[in-house]
Amino acid sequence: APVLARARDRRGRLVVAACGFATLFGAVGLKLGLATVIDPVTPKLRAAPRVPTGETSAVVARASITDRNGEVLALSLPVTEFYANPMEINDPAEAADKLLAVLPDLDRERLVERITQRTVPGTERPVQFAYIARNLTPRQRQAVNDLGIPGFHFRDAERRFHPQGSAAAHLLGTVDVDGRGIAGVERSFDEKLRNGREPLRLSIDVRVQVALREAVQKAIADFTGIGGAGVVMDIHTGEVLAMVSLPDFDISDPTSLIRPPLRPGQTARPDQDPVFNRATVGLYEPGSTFKLFTAAMALDSGVVNIWNGVGASKPIRYGRSQIDDFKGKNRWLAVPEIVAFSSNIGTAHMAVASGVQRHREYMGRFGMLQRSGLELPEVARPLAPSAQHWREINTMTIGFGHGISVTPLHVVTGVSALANGGVLRQPTIVAQPPGAEREGTRVISERTSETMRKLMRLVVTDGSGKGAEVPGYFVGGKTGTAQKVGPRGGYLENKRIAAFVGAFPMNAPRYAFYVMVDEPKPNARSHGYAT
């Protein structure tokens with residue numbers, strides 16, 4: 001009897017347990033039926049990581065830029081972009097510490113901030129894309145990948161490199177982080193560079209570019225200037241073979257764009273910014289270099305001939321103003337002497353004899369009243385009196401290069417026309433096919449151009465430009481000095497531009513050039529002059 005009683009008791013407990021399990025499985029089955037068949041629950045969709053789309057995320061092979069001889073000036077190379085999805089990172093501080101072990105250049109505080117889960121300001125949308133580094137080396141990519149941290153990703157991209165460093169920096173310009181041109185050639189030819197595959201061949205010769213930069217840099221150092229500029233141009237095609245503006249910068253090194261801190265009481269000046277292109281944006285009074293254009297106008301229009309002259313023994317008085325010569329001869333001067341000895345008095349007389357209307361017309365012919373046609377976004381419009389405000393006194397002063405402001409590129413382009421037979425061609429930075437004839441506009445006759453070549457040569461052999469005489473090159477040209485105009489108008493005391501514009505060889509001209517030093521200081525070599 002006791003044995004049977006214990007057996008019945010065990011059977012009862014088993015039945016109760018079985019009923020309990022049956023009830024539990026029944027409840028689970030009922031819940032599954034409700035959730036999947038009768039009243040299914042819509043699953044929550046998780047947004048995919050937001051990665052920039054379109055051209056910025058696609059790897060676009062931007063075409064290279066070369067000089068006229070095929071030397072590479074700019075090219076794009078493949079790199080790896082490293083980004084994170086903060087929504088996939090649970091412990092930003094730990095992830096940052098691991099990353100810093102292989103990428104020590106990252107800023108920890110900024111890194112933690114970028115990979116911490118957050119929403120886009122002003123919305124409830126979570127941030128799902130954050131750049132960590134724009135270009136990783138293959139070794140760095142592998143090291144990061146080996147960490148195995150979720151939430152970090154890679155994608156292929158490209159970066160612009162400049163093998164020649166600072167050579168032609170102002171001409172080449174720059175691209176932004178997404179590879180779009182934002183300055184210089186990169187901006188002017190952005191569409192062609194992004195969609196083309198053939199290299200863009202510029203007219204620049206990198207050998208001439210480097211030589212010109214060294215020469216301008218030496219002149220700045222010799223005369224303790226704050227900067228300088230230089231241009232070399234083919235007078236028959238208008239091709240710019242070299243263009244320098246100093247100070248400059250290394251396009252591949254962002255730190256070279258950092259300006260030095262200002263001293264107490266010092267104000268920021270655009271001409272001290274390394275990005276400022278003195279050759280195409282800098283507007284300066286050209287000084288006596290403009291006497292070449294006044295002489296060309298007077299000869300071409302028949303107002304004077306080569307044997308005419310004027311009395312230059314007395315200053316010209318105009319109202320309260322007085323026009324005098326710097327180290328004048330104080331006597332009658334023939335036209336060649338007016339140019340060679342750089343006489344303000346003689347030039348003003350020639351300009352007035354030509355007439356106000358004719359003078360302004362010729363200035364327009366020489367391209368001195370409009371922007372240069374160079375294929376750069378950074379070109380300045382000359383500052384000159386309007387037609388209704390161009391009076392006789394303006395003709396006098398502009399005749400010898402005061403009262404008008406132009407860029408160095410304007411001056412050298414105009415002198416190219418004086419030396420090449422009288423045809424003005426717009427400057428270009430694109431290499432032209434060998435032997436190609438570029439269209440131009442005749443501004444003076446061939447005979448006048450021949451006379452101007454002789455006068456330019458005379459300036460170097462017997463006049464104010466003797467320092468430009470180089471054996472074997474037959475250089476001709478014109479010196480020019482002008483005081484700088486202040487930001488509020490008026491001339492700045494002891495601040496001037498000293499320049500030389502010329503061409504060579506004068507018996508068969510091929511090249512024109514311009515060199516300028518900004519705010520030169522006197523030295524022993526210049527015998528105490530800063531002109």
Counting only residues that are open to solvent by less than 10 Å² (accessible area, probe 1.4 Å), within 19 Å of residue 466 (Cβ to Cβ) and assigned to a helix (DSSP H, G or I), the range 323-351 contains a total of 3
For the range 84-100, pairs from a residue that is in contact (Cβ under 8 Å) with a residue 40 or more places away in the chain to a residue that is hydroxyl-bearing (Ser, Thr, Tyr), with Cβ under 7 Å and 6 or more apart or across chains, are 86/116
Those residues of the range 78-104 that are open to solvent by 10 Å² or more (accessible area, probe 1.4 Å) and part of a helix (DSSP H, G or I) come to a total of 10
* Do we find a residue being outside any loop (DSSP other than H, G, I, E, B), closer than 25 Å to residue 369 by Cβ and of a type in the set (S, T, N, Q) anywhere in the range 416-432? -> yes
| Test: residue 204 is within 30 Å of residue 501 (Cα to Cα), touching a Lys or Arg at 6+ places or on another chain (Cβ under 8 Å) and open to solvent by less than 20 Å² (accessible area, probe 1.4 Å) | yes
If you go through 230, 265, 282, the only one that is open to solvent by less than 20 Å² (accessible area, probe 1.4 Å) and at pLDDT below 95 is 282
Of the listed residues (244, 216, 206), the one being within 25 Å of residue 435 (Cα to Cα) and of a type in the set (A, V, I, L, M) is 206
Residue hits (the range 399-420; more than 15 Å from residue 382 (Cβ to Cβ) and open to solvent by less than 10 Å² (accessible area, probe 1.4 Å)) are 399, 415, 416, 417, 418, 419
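One line per residue, one yes/no per condition, for (1) touching a Phe, Trp or Tyr at 6+ places or on another chain (Cβ under 9 Å); (2) under 19 Å from residue 450 (Cα atoms):
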| residue | (1), (2) |
| --- | --- |
| 300 | yes, yes |
| 306 | no, yes |
| 313 | yes, no |
| 316 | no, no |
| 323 | yes, no |
| 331 | no, no |
| 335 | yes, yes |
| 339 | no, yes |
| 353 | no, no |
Matching residues in the range 288-310 (loosely packed, with under 13 Cβ neighbours inside 10 Å and in contact with a helix residue (DSSP H, G or I) (Cβ under 8 Å, 6 or more places away or on another chain)) number 2
The condition of being surrounded by fewer than 15 Cβ atoms within 10 Å (Cβ to Cβ) and touching an Asp or Glu at 6+ places or on another chain (Cβ under 8 Å) holds, among 138, 150, only for 150
Could you check, for the range 384-391, whether at least one of its residues is within 33 Å of the chain's Cα centre (by Cα), open to solvent by less than 20 Å² (accessible area, probe 1.4 Å) and of a type outside the set (A, V, I, L, M, F, W, C)? no
Taking first residues from the range 169-194 that are among the basic types (Lys, Arg) and second residues anywhere that are surrounded by 20 or more Cβ atoms within 10 Å (Cβ to Cβ), the pairs with Cβ under 6 Å that are 6 or more apart or on different chains are 187/173; 187/181; 194/62
Residue hits (the range 105-127; assigned to a helix (DSSP H, G or I) and either more than 40 Å from the chain's Cα centre (by Cα) or charged (D, E, K, R) (or both)) are 108, 109, 110, 113, 114
Of the residues in the range 154-201 that are more than 15 Å from the chain's Cα centre (by Cα), open to solvent by less than 20 Å² (accessible area, probe 1.4 Å) and modelled with pLDDT of 90 or more, the one that is nearest to residue 238 (Cα to Cα) is 200
Tell me whether the range 481-496 contains one or more residues that are of a type in the set (Lys, Arg), modelled with pLDDT under 95, closer than 22 Å to residue 286 by Cβ and assigned to a loop (DSSP other than H, G, I, E, B).
yes
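The values are calculated or read from the model by the stated rules, or taken from the named source; none is laboratory data. Keep in mind it's a predicted model, so treat the numbers as computed, not measured. Positions of Cβ are generated from backbone atoms using ideal geometry, with glycine treated the same way; all protein chains shown enter the neighbour counts. Only protein heavy atoms, including side chains, enter the accessible area calculation; ligands, DNA and RNA are left aside. Shrake-Rupley method; radii C 1.70, N 1.55, O 1.52, S 1.80 Å.
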